């Protein structure tokens, strides 16, 4: 590839070295070169949140970032979180709460929820809504998504052996 840049990046725990076009976005690199299609492309302007990934632990819009900018970093995609079961409880709560409908925004929502729930403490419903403000969903109206994330936050904070709090969410 002429006029290319060699990048070295760790994606979902695996070292990757590739040549990329200077203006290739991280989203296009993940989807095209690595075939990690869970990173969706929606608006390509950083508005919808469908392309969210973790870059060195931070949530970033991969459609707004060049792949070359990720060189030397660790990228985690929805596939990586799923493979290591890091979001199994969040996925289950989304299912139980009907927090996914068409599914297009779901990977970005799960990435956001994972990042939020990785922080200490139990977020309030307002904090959950604030964290989700970079994710656009046309189907759910967000209440079920907030309920699902709140469910997981409460369950993770509950003492071992205590009852599941699914029925109490939103109260």
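Rule-based calculations on the coordinates, nothing more; no lab input. On a predicted model such as this, the values are computed, not experimentally measured, just so you know. FYI the Cβ positions are ideal-geometry reconstructions off the backbone, even for glycines, and counts take in every protein chain you see.
Classify segment 87-168: rounded, prolate or oblate, from the alpha-carbon gyration tensor (a ≥ b ≥ c, eigenvalue square roots; a/c under 1.5 rounded; otherwise prolate if a/b is larger than b/c)? Prolate.
From its DSSP helices (H runs of at least four residues, each -39,500 (n - 2.57)), the chain gives a residue-normalised ellipticity at 222 nm of -8500 deg cm²/dmol. For the modelled label position 7 Å from the Cα of residue 14 along Cα-to-Cβ, which residues of segment 24-50 have backbone nitrogen atoms closer than 11 Å? The answer is 34-36. What percent do you get for the relative contact order of segment 87-168 when only Cα pairs under 8 Å and 6+ apart count? Here the relative contact order equals 40 percent.
For helix 143-157, report the angle its Cα long axis makes with the longest principal axis of the Cα atoms of the chain; keep it between 0 and 90° and round to the nearest 10°. It works out to around 80 degrees. Label-to-label distance, residue 21 versus residue 35, with points set 7 angstrom from Cα along the beta-carbon direction: 2.1 nm.
Each label point was placed 7 Å from the Cα along the Cα-to-Cβ direction; for residue 43 and residue 86 their separation is 2.5 nm. Decide, for the chain, between rounded, prolate and oblate: order the square roots of the alpha carbon gyration tensor eigenvalues as a ≥ b ≥ c, take rounded if a/c falls under 1.5, and otherwise choose prolate if a/b is larger than b/c, else oblate. It comes out prolate by the Cα gyration axes. Sorting the segments 93-105, 67-79 by their mean number of nearby beta carbons within 10 angstrom, highest to lowest, gives 67-79, 93-105. Annotation: the residues 156, 18, 125, sorted from fewest to most other C-beta atoms within 10 Å of their own C-beta, follow the order 156, 125, 18.
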